[in-house]
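The numbers here are math on the coordinates, done by the rules we state, and not lab data. Given the structure is predicted, the values throughout are model-derived calculations rather than measurements. So basically every Cβ, Gly included, is an ideal-geometry build from the backbone, and we count neighbours across all protein chains shown.
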Amino acid sequence: MPVLNTLHENNETMMTLTEFRAYVKDRKPLDNEDIFRFMDEMSDEARRITFRLNAAYHTPEEVRALLTELFGYAVPASLRVFPPFYTDFGKNITIGENVFINACCHFQDHGGVTIGSGCQIGHNVVFATLNHFLEPARRKFTHPAPIVLGDNVWIGSNATVLQGVTIGDNAVIAAGAVVTKDVPANTVAGGVPAKVIKSIS
């Protein structure tokens, strides 16, 4: 469900989800009080839902219902997720058909995470769409960039995919890799930082 303007005690209106998505799409820095207030409220909402998701056993249908609430749209009936599942935002995740996400994955999706159809995500994978500025004076602020997975991508356990990365169709990311740059379609990448190891014929 979309987030609407909310009237606060100080009579200021909070930005909308649509406005936030447009803001991060332009990769603008997250460095003002309106942004911080919005992110805090969205983080609280995400935690309320993920605590329910992760606190007890749920059938696959119940898991999808909770993810629908978390993501803000009806997730595909073919989506399979093994909880626990973690996110501190949740409303900027797009999932294709026939996706499998294994246990203990972390989606920091403020900047947008798109997962194509047929993708398989291993245990404890991290998607991080925010990064801090390097300069000490600005280090408490972050800047977003999207992560995009094409179709039939396989991400091995304990891999980390960083902001701004696009992974092409049919690519494989080896377990434990840290992906800092785009990965071409039909390749295997691994290591820290990840590099292309071979092509998939």
Burial order of peptide ranges 181-194, 104-117 (average beta-carbon count within 10 Å, highest first): 104-117, 181-194
Over the Cα atoms of the chain the radius of gyration and the largest Cα-Cα distance (Dmax), both in Å, equal 17.1, 60
Which residue, THR160, ASN170, SER201, has the largest displacement toward the positive end of the dipole of the chain when charges sit on each Cβ (Lys, Arg +1; Asp, Glu -1)? SER201
Listed residues HIS123, ASN32, MET14: farthest to the positive end of the dipole of the range 1-138 (Cβ charges): HIS123
Return P(r) of the range 116-191 (all Cα-Cα pairs; 5 Å bins starting at 0; whole %; ordered from short to long distances). 4, 17, 24, 25, 12, 8, 6, 3, 0
For the chain, what does the helix formula give at 222 nm: sum of -39500 (n - 2.57) over DSSP H segments with n ≥ 4, over the residue count, nearest 500 deg cm²/dmol? -7000 deg cm²/dmol
Surrounding charge for PRO29, neighbours by C-beta under 15 angstrom, Lys/Arg +1, Asp/Glu -1, total +1
Can you give the local net charge around ASN131? Use residues other than it whose beta-carbon is closer than 12 angstrom to its beta-carbon, Lys and Arg +1, Asp and Glu -1. +3
To the nearest 20 Debye, how big is the dipole of the range 77-201 about its Cα centre, given +1 on the beta carbon of each Lys and Arg and -1 on that of each Asp and Glu? 320 debye
Lysine pairs meeting the criterion (Cα under 27 Å, 8 or more apart or interchain), as found in the chain: 12
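Sorted by packing (mean other beta-carbon atoms within 10 Å per residue), highest first, where do 26-35, 167-176, 45-54 land?
167-176, 45-54, 26-35
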Taking amide hydrogens as modeled 1.01 Å from N in the peptide plane, which residues meet the under 5 Å criterion relative to ASN92, leaving out close sequence neighbours? none
